[in-house]
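Written below as structure tokens is the structure these notes are about.
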Amino acid sequence: MVENQKQNGVPFKIEREGADKNLVLDYTQTHSYPSLEDNELCLGTVMDTLIEVGEVTNIILSEERNYVYPYDQALLLNELRNVYIKLIKEDEILKLPLAENAAQEDVLSSALITLRHIILELLKRDPVGAYLTALRTHRLKKVEVDDVKDPYKKKAVHEYMARLKTIIDKLEKTQLIKKSDKYLAGYKVGDRSVYRVLFEPHIKPNFMYTRLMSQPPAGARELDIYKPHEDVDVTIYETPNQVKPMYHVRPLEFKLNDEEYSLLTKAREILSKHKPRKEEFVDPKRMREVFFNVAKDLLEQIAESRGAKIKYERIEKLAEILVRLTVGFGLVEVLLLDRDIENIYVNPPVGRVPIIVTHNKYGEMNTNILPNINDVRSWTSRFRMLSGRPLDESHPVLDTELSLPHARARVAVIQSPLSPKGYAYAFRQHRPKPWTLPLFTSYKMLTPLASGLLWFLVDGARTMLVAGTRGSGKSSFLGSLLVQIMRKYRIITVEDTLELPVTALQEFGYDIVPIKVRSAILGEQNELSAADGIRTTLRLGDSALIVGEVRSTEALALYEAMRVGALANVVAGTIHGDSPYGIFDRVVNDLGVPRTSFKATDIIVLANKLRSPDGLHEYRRITSITEVRKEWEQDPVAERGFVTLMEYDARKDQLIPTSALVEGESDVLKSIAGRVKEWAGNWDRVYENIELRANIMKLITDYAKKLKRPDLLEADFVIPSNEAFHRVSERIAQKQGYATPKRVLLEYEIWLKAKLKKHGT
């Protein structure tokens with residue numbers, strides 16, 4: 001590291017971050033202001049420093065905030081630096097020939113003054129002005145030379161013009177002049193407007209590493225503005241010549257005044273000296289609470305020592321920022337405040353590529369956040385400790401989860417040698433509350449009838465696979481089926497990465513036991529395999545079994561559980577596949593499950609991510625609900641082993657029931673009915689019950705929309721609602737012998753209205 005040096009009175013140093021070589025100039029003790037675009041002295045100082053230290057990756061001007069000029073902007077000045085050195089050393093542009101007479105002396109003296117001004121002053125402070133001065137002077141001399149009669153003087157003018165042409169030719173090849181081309185007409189030397197287009201720093205407070213592009217791209221058009229949190233502003237921009245919109249976020253970290261910046265910088269400096277021990281990460285929630293209280297006290301002490309008066313509420317906000325930046329995950333936590341963000345990607349090389357998000361309305365977007373390698377390394381250390389799993393060159397993949405006070409996410413990390421350019425992260429956000437069937441119905445992922453059918457199948461203790469492509473919503477949909485299981489039953493979940501809403505369901509009173517097993521990707525041998533985890537559940541008593549994802553040999557154990565009916569309740573899981581036959585092919589041929597064992601699957605629910613005709617928009621839909629019949633030998637398609645109960649109609653954009661469902665040609669549904677005295681042999685009653693459940697789902701979504709009460713679609717309402725349906729059905733059956741759907745729906749709506757009235761609606 002080169003440090004403790006000065007250039008034109010400004011201290012500077014070279015910092016290396018991975019492959020990056022950063023030039024840092026400290027303007028905190030100078031009277032000049034740090035801005036390449038507005039201050040020609042600043043640009044001149046940077047150019048002088050580049051000439052001395054060589055090319056750099058980023059240029060950082062440090063004051064109360066750090067102004068970071070990233071690689072693409074630093075490249076413009078690196079090119080100019082190389083042009084300067086070539087002109088001085090190779091072309092010896094300032095070494096003019098000796099004059100042969102007085103006339104020549106006048107021309108060459110004047111030429112030297114102009115050339116020195118262009119090269120030694122303008123090229124460093126105003127390179128566009130240097131180019132135009134050379135160009136305009138060359139044009140002028142080209143006109144003048146024709147009138148020169150003295151051959152010695154003419155020779156000197158030609159020498160002068162040749163040197164100007166050398167400057168022009170070299171500058172014309174630089175990106176800075178090429179990008180300035182449309183602004184050159186009428187340009188006045190000293191005008192800085194062109195530099196405001198060429199140079200736009202990312203602002204980074206001194207107390208954090210991550211950079212933020214404060215201004216939207218030139219020519220951007222606002223598509224949406226909203227606040228995912230009281231301290232966070234989000235603007236979605238449509239950018240010129242880009243298919244993807246831009247997600248522009250402005251968190252509290254970038255809205256502070258100078259006094260608050262100074263407080264945070266000092267507080268972080270003190271807190272950074274504390275290195276959390278491994279045991280402190282055992283309870284991350286407790287650790288955050290401790291750091292929050294320490295940060296709050298520290299900020300109050302620093303403010304008091306400086307005589308600064310800052311409100312207590314503001315101190316708490318600053319303490320939250322400190323927690324994010326010390327033991328938290330920086331601006332990733334800010335992004336996770338936005339419930340519309342589904343995925344967050346940090347791509348290598350870190351610092352060169354902005355963070356990318358996928359938004360449930362606008363799809364994939366670049367953000368204005370540029371992470372720093374120091375932040376990413378600290379995240380990696382925390383995830384290693386939190387997960388208890390390795391991440392190094394021999395184990396270059398880590399699959400884990402992130403649990404914050406306001407958000408949950410699945411996290412995948414890869415590093416070298418698997419990722420040659422360094423760390424890459426993928427965060428998949430989960431809802432803090434579980435998804436529910438009414439919620440999915442309101443988003444048109446499925447219809448009320450499909451919700452009613454699946455609810456009926458869950459109560460009927462069937463075996464189900466939720467299948468689909470990556471990002472189709474399989475795990476979320478499986479979580480919504482958990483909500484339909486009555487709280488009277490025990491549930492056991494088996495996952496390698498905790499994605500299902502187990503904690504939330506426990507808070508709602510569910511008897512649920514999560515089992516965490518070895519990761520399918522480079523898992524540690526000291527963890528239980530998924531197959532052993534599933535077999536373990538068979539010894540844990542009568543329970544519903546939910547498998548997070550069927551990936552490998554655990555498929556054999558899952559089908560073992562299905563076949564023996566060991567759990568006597570719902571058995572469900574997710575699997576990658578795009579059709580019932582594709583799932584059969586994967587389970588039997590890829591995962592090695594015998595054909596006869598595959599018949600233990602009762603229902604396959606297929607989820608898919610569909611695209612709009614323009615290819616710019618995506619939406620999720622359940623595209624089929626298919627039952628697996630038992631009377632086939634080799635090929636379930638050829639032998640009619642698959643019967644579609646509901647199928648997606650693209651024109652109507654919804655699931656529609658097939659004749660097999662409407663006319664009662666479902667063996668699975670008949671099997672459920674055969675165990676219920678009131679339904680046995682009476683298909684009409686079975687279908688009426690499915691429709692009744694569908695009507696209840698529709699009633700909930702209709703009331704939520706009509707009353708503008710989206711909370712009615714959440715699990716904390718849906719769970720008691722489901723139980724109210726069962727109690728109403730039981731009460732009417734005891735009175736009448738059979739719970740007629742019409743009467744059940746009527747009494748359920750009475751319960752619903754009473755519930756709403758109780759809560760003031």
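Things worth noting here:
- Sole exception among (1) surrounded by fewer than 18 Cβ atoms within 10 Å (Cβ to Cβ); (2) within 19 Å of Leu498 (Cβ to Cβ); (3) free of Cβ contacts under 8 Å to residues at least 24 places away in the same chain; (4) of a type in the set (S, T, N, Q) for Ser416, by number: (2)
- Going through (1) in a helix (DSSP H, G or I); (2) in contact with a His (Cβ under 8 Å, 6 or more places away or on another chain); (3) of a type outside the set (Ser, Thr, Tyr) one by one, Pro216 falls short only on (1).
- Given (1) under 20 Å from Lys178 (Cα atoms); (2) under 38 Å from the mean Cα position of the chain (by Cα), index of the condition Glu15 fails: (1)
- Within region 95-141, the residues that satisfy the criterion of being outside any helix (DSSP H, G or I) and farther than 23 Å from Glu40 by Cα are Lys95, Leu96, Pro97, Leu98, Ala99, Glu100, Asn101.
- The residues of region 410-451 that are of a type in the set (Gly, Ala, Ser) and either under 20 Å from Asn343 (Cβ atoms) or not assigned by TED's automatic domain parsing to the domain that holds Val332 (or both), listed by number, are Ala412, Ser419, Gly422, Ala424, Ala426, Ser442, Ala450, Ser451.
- Residue match in region 621-641 (condition: within 34 Å of the chain's Cα centre (by Cα) and closer than 18 Å to Val588 by Cα): yes
- Unique residue being hydroxyl-bearing (Ser, Thr, Tyr), surrounded by 21 or more Cβ atoms within 10 Å (Cβ to Cβ) and either closer than 18 Å to Tyr195 by Cβ or modelled with pLDDT of 85 or more (or both) when the list is Tyr71, Tyr67: Tyr67
- Members of region 226-249 found to be modelled with pLDDT of 90 or more and hydroxyl-bearing (Ser, Thr, Tyr), listed by number: Tyr226, Thr235, Tyr237, Tyr247
- Test for Leu176: is it under 32 Å from the mean Cα position of the chain (by Cα), under 20 Å from Val83 (Cα atoms) and in contact (Cβ under 8 Å) with a residue 24 or more places away in the chain: no
- Glu333 of a type in the set (Asp, Glu), assigned by TED's automatic domain parsing to the domain that holds Leu264, at pLDDT 90 or above and not in a loop (DSSP other than H, G, I, E, B): yes
- Only listed residue being surrounded by 12 or more Cβ atoms within 10 Å (Cβ to Cβ), in a helix (DSSP H, G or I), in contact with a Lys or Arg (Cβ under 8 Å, 6 or more places away or on another chain) and not assigned by TED's automatic domain parsing to the domain that holds Phe456, chosen from Asp716, Asp702: Asp716
- Residue check, Asp578 at pLDDT 90 or above and either in contact with a Ser or Thr (Cβ under 9 Å, 6 or more places away or on another chain) or at positive phi (or both): no
- Screening Ile696, Ile672, Ile690, Ile719 for residues that are β-branched (Val, Ile, Thr) and under 34 Å from the mean Cα position of the chain (by Cα) leaves exactly one candidate, Ile719.
- Residue that is surrounded by the fewest Cβ atoms within 10 Å (Cβ to Cβ) [pool: residues in region 12-50 that are in contact (Cβ under 8 Å) with a residue 60 or more places away in the chain and under 28 Å from Tyr423 (Cα atoms)]: Ala19
- Only one of the listed residues (Lys317, Lys285) is at pLDDT below 80 and more than 16 Å from Ser381 (Cβ to Cβ). That residue is Lys285.
- Residue match in region 198-207 (condition: among the aliphatic types (A, V, I, L, M) and modelled with pLDDT of 90 or more): yes
- Qualifying residue in region 268-277 (condition: under 26 Å from Pro228 (Cα atoms), assigned to a loop (DSSP other than H, G, I, E, B) and either at pLDDT 85 or above or not acidic (Asp, Glu) (or both)): no
- Scan of region 363-378 for residues that are surrounded by fewer than 21 Cβ atoms within 10 Å (Cβ to Cβ) and closer than 28 Å to Asp496 by Cβ, ordered by number: Glu364, Asp375, Arg377, Ser378
- Here region 55-64 is the region considered, the condition is being part of a loop (DSSP other than H, G, I, E, B) and surrounded by 15 or more Cβ atoms within 10 Å (Cβ to Cβ), and the residue that is modelled with the lowest pLDDT is Glu64.
- Pick from region 309-339, criterion without any contact (Cβ under 8 Å) to a residue 12 or more places away in the chain and not basic (Lys, Arg), ranking: surrounded by the most Cβ atoms within 10 Å (Cβ to Cβ): Tyr312
- Matching residues, region 79-104, being surrounded by fewer than 18 Cβ atoms within 10 Å (Cβ to Cβ), at pLDDT 85 or above and either of a type outside the set (S, T, N, Q) or in contact with a helix residue (DSSP H, G or I) (Cβ under 8 Å, 6 or more places away or on another chain) (or both): Ile85, Lys86, Ile88, Lys89, Glu90, Asp91, Glu92, Leu94, Lys95
- Yes/no for Phe427 being aromatic (Phe, Trp, Tyr), within 19 Å of Asn569 (Cβ to Cβ) and modelled with pLDDT of 90 or more: no
- Of the residues in region 340-354, at least one is farther than 22 Å from Thr210 by Cα, surrounded by fewer than 19 Cβ atoms within 10 Å (Cβ to Cβ) and assigned by TED's automatic domain parsing to the domain that holds Leu418.
- All strands (runs of 3 or more DSSP E) inside region 611-682 with 2 or more residues being in contact with a strand residue (DSSP E or B) (Cβ under 7 Å, 6 or more places away or on another chain) and either of a type in the set (Val, Ile, Thr) or surrounded by fewer than 19 Cβ atoms within 10 Å (Cβ to Cβ) (or both): 618-628, 642-649
- A count restricted to region 463-485 and to residues that are in a loop (DSSP other than H, G, I, E, B) and surrounded by 22 or more Cβ atoms within 10 Å (Cβ to Cβ) stands at 3.
- The combined condition, being over 55 Å from the mean Cα position of the chain (by Cα), without any contact (Cβ under 8 Å) to a residue 60 or more places away in the chain and surrounded by fewer than 17 Cβ atoms within 10 Å (Cβ to Cβ), is fulfilled by Lys142.
- Among the residues of this structure, Asp72 does not count as one that is over 29 Å from the mean Cα position of the chain (by Cα) and either in a loop (DSSP other than H, G, I, E, B) or of a type outside the set (Gly, Ala, Ser) (or both).
The values are calculated or read from the model by the stated rules, or taken from the named source; none is laboratory data. Keep in mind it's a predicted model, so treat the numbers as computed, not measured. Note that we place each Cβ from the backbone using ideal geometry, even for glycine, and neighbour counts take in every protein chain shown.
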